[in-house]
Every structure is written in C-alpha cells, then in structure tokens.
1. For the range A:1-28, which positions are farther than 16 Å from residue A:149 by Cβ and surrounded by 13 or more Cβ atoms within 10 Å (Cβ to Cβ)?
2. Just wondering, is there one or more residues in the range A:338-348 that are of a type outside the set (Phe, Trp, Tyr) and under 30 Å from residue A:29 (Cβ atoms)?
3. Give me the pairs, please: first residue somewhere in the range A:108-134 and at negative phi and touching a residue at least 12 places away in the same chain (Cβ under 8 Å), second residue anywhere and of a type in the set (A, V, I, L, M) and in a loop (DSSP other than H, G, I, E, B), beta-carbon distance under 6 Å, and either six or more positions apart or on two chains.
4. Can you pull out every residue in the range B:219-269 that is surrounded by fewer than 18 Cβ atoms within 10 Å (Cβ to Cβ) and touching a residue at least 60 places away in the same chain (Cβ under 8 Å)?
5. Going by the structure shown, is residue A:70 assigned to a strand (DSSP E or B) and over 21 Å from residue A:181 (Cβ atoms)?
6. Which one is nearest to the other protein chains (Cβ to nearest Cβ), of the residues in the range A:487-499 that are part of a strand (DSSP E or B) and in contact with a Leu (Cβ under 8 Å, 6 or more places away or on another chain)?
7. Within the range A:456-463, can one find any residue that is closer than 25 Å to residue A:276 by Cα, part of a loop (DSSP other than H, G, I, E, B) and touching a strand residue (DSSP E or B) at 6+ places or on another chain (Cβ under 7 Å)?
8. State all residues of the range B:98-144 that are more than 14 Å from chain A (Cβ to nearest Cβ) and acidic (Asp, Glu); if no residue qualifies, say none.
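The values are calculated or read from the model by the stated rules, or taken from the named source; none is laboratory data. This structure is a prediction, so every number in the text was calculated from the model and none was measured. Virtual Cβ from ideal backbone geometry, glycine too; neighbours counted across all protein chains shown.
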Amino acid sequence: MPIKTVINAAGRSVPLEINGQPAIPFKGVGKHKPGGRKYSPPIPACSDYPDDGNKVVGSLEEALRKCGLSDGMTISTHHHLRDGDLISNKVFEIASSLGVKDLIWFPSASFPCNDPVIKYLDDGTINRIEGSMNGPLGRYVSEGKMKGTAVLRSHGGRVQAIQDGEVRIDIAVLAAPTADCFGNAKGTGGHSACGVIGYAKADYLYATRVIVVTDNLVDFPCFPMEIEGNYVDYVVVVDRIGIPEKIISGTTQVTKSPDRLLIAELTASFLVKSGILKDGATIQAGAGGTSLAIAVFVHQILKEKGWKSKFGFGGSTKYMVKMLEEGQMGFILDAQVFDLDSVKSIENNPNHVPYPVFNAYNYHSKGNLTSMMDIMILGATEVDLNFNGNVVTHSDGYLLHGIGGWQNCLHARNVILPIPLFRDRIPVIVDEVTTLCGPGELIDVIITERGIAVNPLRKDLIESVKGSGLPLKTIKELKDEAEKICGVPQKPKFEEDIVAAVKWVDGTVIDVVRKLKTM
Amino acid sequence: MFEKITRFELHYQSDGKMKKSIAIAGNSGLKVRSDCEIMLELKSGEGIIIDLTSKVKALYGESIKRLIAEILDFFSVKDAFIRINDSGALPFVIAARMESAIKQLINTDLEFLPEFLNENLYTTTKERFRFSRLYLPGNTPGLMINAGLHSADGIILDLEDSVAPEKKDEARILVRNALRQIDFHGAERMVRINQGDRGLEDLHFLIPHNVNLVLIPKCEGADYIKKAEEVINSINKKFNLKNQVFLMPIIESALGIENSWEIAHASESVVALAIGLEDYTADLGVTRTIEGNESFYARTRLIVAAKAAGIQPIDSVFSDVADMDALLQNVLISKSLGFEGMGCIHPRQIAVIKKGFTPDQAEIEKSKKIVQAFESAKIQGLGVVALGSKMIDPPVVARAQKIIDLAVRLNLISGDWINEITSVEK
C-alpha cells in the first residue's frame, strides 16, 4: 500500500509515515512547537550495580548480551573517532554472529571506515541507518538497497529526536579514549585521543543501556568526565578503539587551490566591506580547506584592525587556536577538535572550552548557540534560485553526505556559503535543489569565484555593500554564467520509492530522497 | 593501459611501417580533472558506437554523446568505436580531444571550431602593463578555465616546455579552442609557441583566434622574428584579419643576449623582451642562484637593449610558489634593475608581483613634490628647480615624472593631480 504524502510548507511532497511511525511535515521555520514532555529512560536502581563501582566486563559481546541485545533494537554510536573508528562495525559483527536481526543503527555520523556495515544491511542484521550516509553507503541507499528508510538529521536534530523520544536508544555503545571502571569517560588521553566526546551526551543521558568501550582504562576517577559513570551500565576494555592517524588529522591544511583561495579572499573582503566582521563579532567556520583559508584571512584582518572576536565555535583547528593564543579570539567553545594543535589547546588552555552539541544545536531547548553567532561559514552541494540549500545529495541524485551541523548553523545572523560556481563541470547553482535541506530564507550570501549573490531578503546586507567594488551579481546571473560554461545539465530520474527522509531541526520532514532510476 | 598497448602494436606492424587505425587523445587518471581521454578506432560498416565513462554522466551523458556524434559527422566519420574516459571536461575540451584523435587517423584541413566568445574580441596596446603574466601548460584544461579570474595582466597558454613531445599536436587544438571559448576577463591573450618550424606551424592555430601576443622561446636573432611576422601577415591576409599581434621574444642563451638589441628592434610588433634564466644559466654551464650574480650581466644587457628600443624588459619566473616573501624581494630587485614585469607560474604570485612593480605611496608623494616644484619653477621662469634647499637636476625630474605617469596609469592618482593639489592649496 503506497504511503500517503502531502505537500509541506516548503512545497515538497513528503510522507505522513516513515518506517511505520507517524511523521510531521515541515511547517515553516520556527512554526512547529511540539509541546508535551521530554522522553525519559527507565529508572535504574543502584542495587543492580556492583557496590565497588567496577562495571568492567570481559568483552563487548558480553556487554551487549547483558544489555539484552535483541531484534529491532536501536543502537547508537558517536563519530568522534571519525575514519579511525574500530568499534561501530564491531557491534554489528557481534550482532550478526548472534543472529540478531533488524537493528536500527543510529550514529551521529558515518565515515568511509563504516562501509563494511553494508554486509550487515545485506544479511538483515541492520534494517536501516538513521544518520549520515557517505560514499558507498550513500550509493547503497540511493539505489534502494536498504530495507528500511534512512532518516537524515542534523547534529542538533539528532539530539532533539533523542530528547523528544522520536528515537529511543536501546543501547548506546560509546567509545571513549579514556575511562575508569565506573564508566566516567573523556575524549583526551591514551593513544586514541580525539579531544572531546560531546556528541555522546544525549546518548548516555537518554539511552536505556549504556556501554563505554575504552582502550585506556585509568584508576577512578577519570577526570574531568564528559560521560558520567552514573549513567553507564558496563565498561569494556579493548586493545584499540581506533586508529590514531585516522581519528585526528595530524594537521589541517589551508587550501592550495588558487580558485578556492580566491573565494576565501572574496569572502574575507565581503565580511569587512559589509561591516559584519567587526570588533567582538562571533564566528564559526569549518575545517575544509576554503574555510581554513577564510579563518587565516579573518585572523589577519582582526590583527590589523586591533579587533577581537568574542568567541568562536569549533570544531576547532590550529588556525582558530592561533587566534585564541594571539589574542584575536576570546574563547573557543568546542564540540569537536580536528587537529593535534587543537587537542593540545583544549587540554591546556582554560579559554578553550568543551561545549556539547546538545547545548549548542538542540532546537527544542531554551535557546541555543547558533542564533548567537554573527558570522557562519558553510558549504553546500547545491543552492537554488530561491537560495534553498542541499547538502545531502549531489546533482546526480546520489546521497553522499550527512547534514552535520549545517541546518543548525543556518540560524546564525549572517549565513555565508563560499562555494565554487561549478565543480568538475557540475553547476552548484540550480533551478531547484535536488534535495531541500535548508530553506532559502535562512541563507544570506553565496560567494563564488565568479561573483557574490546576496539574498534579496537581506536588504540591509545589499545596502551595506553597495558601491563596495565587490563583484555583486544576482543568483540567476551566477546560474546563467555557470550554465554558459558547463552547459545545461539534464536532470537525474527518480522512482517513486522513498529511500531517505530529511528532517528539519524541529523533527518535521522537510524533504525526502527517492530511489534513483538506474539506467 | 589496454588501449596504450594496442596502439603500440598497431603503430608498428611487422614490416615496420606505420599503419594506424586507433588513436588516443587527451588525458585521464586519478589526478586529472576537467579533461577526457578519447580512444578512436575506425571501423567499417558498424556505425558509431560510443562507450562513455564519465563522472558527470548522469548530468551530461547525453550532451557529450551528441557532441561526439556531431564532430564525427563533421569529419565524415561514419563507422567508429569511441571510448571516452571523462573527468568533467567542458565541451570545448571534449571537442579538441575528439578532433585530435580524428586527425591522427585522417588527413584533413577541416577544423571543428567552437563558438568564439564575444567577450574575447578585445585587442591590446603596445604600452599596456605586463607586470604579471601567468603561464599555463597548454595541454591541461583544468588550469585554464578559471585563469582569467586572477587578474593577471596576461595569460600565457604554453605550447612549448610544459607540453610533452607526444602531446604537442593535441595541445595546439586545445589551445585554439581555449582561445575561442575561455573568457580571459581582459587579460592579454598570449601563447608561447614552440621553437623552430613547429613554432611557425603553431601560429596557424592561434592567429585566426585573436591571440594578442605570441611569445617566441629561445630567440637568438632577428631572423626568426621576421619569419614569424611573415607567417602572421600571411595568415592575417588569408583570413582578412586586422588585429595587431604583438611579439615577446624570450632570450634564454648567451647568443640571444649578445643579439638582444638586434632582437629588440627587429620589428614594430616586438613589444617586450623577456629573459629565461633557467636555460640561460644552463647555457653558461653555471648554477642559477637566488642572488643571481651569474645572470647580472645578461639581465642588465637585456634591460638596456629593451629600453633603447622603447619596449618592456620582462624578468624570468620565480619558481618557489610557496615563498611569497622571497618572491616580493625578488620583484623589488627586478624593479630596481629596470624590469617592468615578471612571469608567474601560480596565480597567487600575481598580486605579489603587481604590488612589487607598483610605486608605493612614499615614492609617489616624493615624485609629486619634485614635479610640482619643477612646474612652479617653470611658471615663475626660473632656470633652476629647488625643493627646499636642495637643487633638482633635470634627470631627477624626468624620473619623478615617470613614476607619476605610472601612478596615473594605475589609477593610484588622478591624471589631474597637479591641479587638484593647487586648488586645495588655494
């Protein structure tokens, strides 16, 4: 029986039911207010836990058995070990060997190292993934091979779903670079240090069962604890939770591409000429090569003008750390660190503060950090003539990226997307995004190597850069320029089947991804 | 790999004669972007079969196949197997690769020309600035597409040293198409041709497509300049073209340096002399150093020859693309010797070079005072110019005037600066 669909407030056709659960269509930015009470996990009792506080068990398999691993459960993991993660796949390897079926994997993100889970999707161990889908996993889902429907959420949307009870985690398996026998754990220390493990917060607070897996067991207390042992059921000690060089890149690098540097230079110039960058301005930029180049240019400007950014929000990189250390940034608030300099900084600098995503990005919360940011530098795979953005699919229709914090960050005062006008002949500006991830009303400026388009809704910004000498164009002009060079692309063809739902930050469905028609 | 082996076998049959029915043009590989490799095999009676592998197939697969079919039809190829390995090549690149493959197998004078962009119709002048000119390898389309965005005074599509010998023919066709299809955003459209007769043949692929300036490598005398000019004139006549094509000989040998004056005034079309220090030092059998003592004579000799002929002396490229401070130092030395420009091998060098050759604020202010003192002395009928207690000789005024002229041309100061100053003072 086909699932009933409706047109949501963004004009997209979305289902009223996903994986057998009711789904609320997107109502508009800030329109959906869920009411009700937050989800609460079962109440435990101390008498069920060892008096000496030692929760160490012999193996991950034993811990999973003790947690009652069974068919249909939701298993969560975090992505702080990035492409060096050795634990997530292990969970499903064990589940498969135990003959457990139809699990729901709920990671905070997946990486290429997680591609082996495809075989557990194939053998029925996993029914579906609710989390980011990259590379081969994305292809697998796009071609309609996953049994259940994927659900894509932003980092903030994920913790919102946990808090509101849309996703009920049965077992959270949380890898920790350092832990004690009681389950207190942190992201620093040991040979698998990742800096912070802030993405695990909602998981350990709301999961029915929590397993901490470490390769660096220290004497009680493990301090300062990011995961509190009172929420932990079992502790497992393994040889390795991750491959160090794949957890943290030794060093993050500014782009060397002349075109990307040009985009970064134009962005810095826009920030100054529009007056957005000023003394005290708060800023967030990612760890991509272009963002890093922007950070370097911004640092130079702050230095020259004698300005200081009040705070920056991480993922931190050595370039941000440099601003902090040289006095051009007051604080770094940090949900994840990207390189070794940042790990060192968060360990030693009191003004470099761990700040969980749960606090920074949760939309069903009493305020969050992103709307307090002045400057937000983001990317996109596509932007359309209405400034709508796509970050999960490519123009060829394949699901290839997670949302990350992207949707959450759209709430900043000035959202700026420095992106190339085309990538290998593929225009980035399109008539209509393949998949809608962020409404255009929240995206303010597109900066390409061939010109800058300001959202017509931002009359103030348009006014501020009048006569500035910046190469201002309309978004239509940019699109036409790309198509003149690249040619007009044909559109990918989709089947009716929905392979993934894209949630907005408030848990409503903003769009869906359909199965690709393979030629 | 398979195709390459096949090609080798088909090239050289058992009787040792070339007999080709398979051609390959273009580039593919992990690091290759915005290019394609096309294998063409002529068949009989099987029609056209296209095997396309492309990272943009979902978006451009049909248009690529249509373009290939159109080109084959243009060259009257009716039966062929074509295998394309595409990494996002733009249509003009695909067309160049296809034409190159066809011309390896079929003798034809036909040219499949992509549309000429109106934006590229501009001409340049003899005296325009040539501070920075960006070298781009002539067979690497990925680097060409956005080259015009980096504000270089000139963009050089290079057919000489940066193109492998076996790729020379296909580079010509690619450069021809690039001249027609890439918007250079006002940069002077330059091509460095090959040495000798091949260089003269190159001109046929350039002159009809509004190249503004041709660089002549390893130039050692006026003869070659005259020959090149004859070829250019005959092409211009054939196509009824009016645009002036300038020449910039590059002097890269001891003999070239000895003949620099002869080269500098060989023709009205010669607008600049460039020096190539890698080859020059090799010719001398010495090592090229950062200080450059070994080439000091050559550089100054070339500068004098150029200035005597009223053209621009242009310095060699600086090869450490990561060290912008050293580049700036190098530019400042270059400028102090009398050079008026320098080659770039990376777009990030452009701004540094421009900054180096641009007069700074202090220089401009000092020159203004000198020129102003000269002008007021003239009005007052004084024979002697003084600034404060210091006497100023005519050459000092002339030098100051040159800096002022440069600043005006660079829009650093208004052309009417002297009256503006006086009116403020009034």
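1. A:8, A:9, A:10, A:26, A:27, A:28
2. No, that holds for no residue.
3. A:121/A:146; A:128/A:146; A:132/A:109
4. B:243, B:244
5. Details: assigned to a strand (DSSP E or B): no; over 21 Å from residue A:181 (Cβ atoms): yes.
Against the criterion (assigned to a strand (DSSP E or B) and over 21 Å from residue A:181 (Cβ atoms)), residue A:70 does not qualify.
6. A:494
7. Scanning the range A:456-463 turns up no residue that is closer than 25 Å to residue A:276 by Cα, part of a loop (DSSP other than H, G, I, E, B) and touching a strand residue (DSSP E or B) at 6+ places or on another chain (Cβ under 7 Å).
8. Answer for the range B:98-144, where residues must be more than 14 Å from chain A (Cβ to nearest Cβ) and acidic (Asp, Glu): B:99, B:109, B:111, B:127.
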